[in-house]
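Working notes, structure below.
The values are calculated or read from the model by the stated rules, or taken from the named source; none is laboratory data. Bear in mind the structure is a predicted one, so any value in this text is a computation, not a measurement. As a convention, Cβ positions derive from the backbone with ideal geometry for all residues, glycine included, and neighbour counts pool all protein chains shown. For the accessible areas, the whole protein counts, side chains as well, though only heavy atoms, and no ligand, DNA or RNA atoms are used. Shrake-Rupley method; radii C 1.70, N 1.55, O 1.52, S 1.80 Å.
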Amino acid sequence: MIGTAQQVYHSARGSTDVSGQDLVNAVCANARILFGSDVSIDWKTARGDLPKEAAMPLALIINELLTNAAKYGGNQHGQVTITVGLSRRPGLYEICVQDEGLGFDLEHPSSRLSGLGLVKALAQRLGGTFSVERRPGAHCTVRFPDQ
């Protein structure tokens, strides 16, 4: 996964930005191979570039959220469907990772939360926030400013 993010990062040589689409595509495609056929990953990204320094933290965030969803996000039949979206609004980027599992609450300790401290720290490093909504499934969102 780190190698995947580094490829996207270095492909933008000489540029101050990386393609958000390329980054999300690379991380999700790599995760799809690692998780195998039991896990379905669908992703949508808005066109646009990310600041180059946001690429590695964002790749780590997406990977951690995908890993959690693959482990804990199965529906009642054990099938895992994950949806990833990267969008950009004026002054703000938003990455969402959703699954169809039981969902969880960031305030309650569980084994699922151990890697989410990393997600929160990386979101803060980007000047952003990390939140989780329990809908049907978990809806994890990281928002950070377009700097």
Point to revise | Long-range HN-HN contacts of T45 with modeled amide H, under 5 Å | key: L86
Check your understanding: For segment 29-81, taking Cα atoms only, what is the radius of gyration to one decimal and the Dmax to the nearest whole Å?
Key -> 12.9, 40
Practice item. Apply 1/(1 + (r/R0)^6) to the Cβ-Cβ distance of L92 and K71, taking R0 = 22 Å, and write down the FRET efficiency to the nearest 0.05. Key: 0.15
Check your understanding: What ranking, highest mean first, results for peptides 64-75, 128-139 when packing means the other Cβ atoms within 10 Å averaged over each residue?
Key -> 64-75, 128-139
**Study point:** For L126, solvent-accessible area (1.4 Å; no DNA, RNA or ligand), Å²
**Key:** 20
Point to revise | Added length on full extension, which subtracts the Cα-Cα distance from 0.36 nm per residue, A121 to D146 | key: 7.2 nm
Study note, to complete from the structure: Check: C-alpha center segment 132-147 vs C-alpha center segment 83-104, spacing in Å is 5
**Study point:** Rounded to the nearest 10 Å², the accessible area of D42 at probe 1.4 Å
**Key:** 80
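What accessible area per residue comes out for segment 30-139, rounded to a whole number of Å², with a 1.4 Å probe?
Values: 5830 Å² over 110 residues.
Here the residues of segment 30-139 average 53 Å² of exposed surface.
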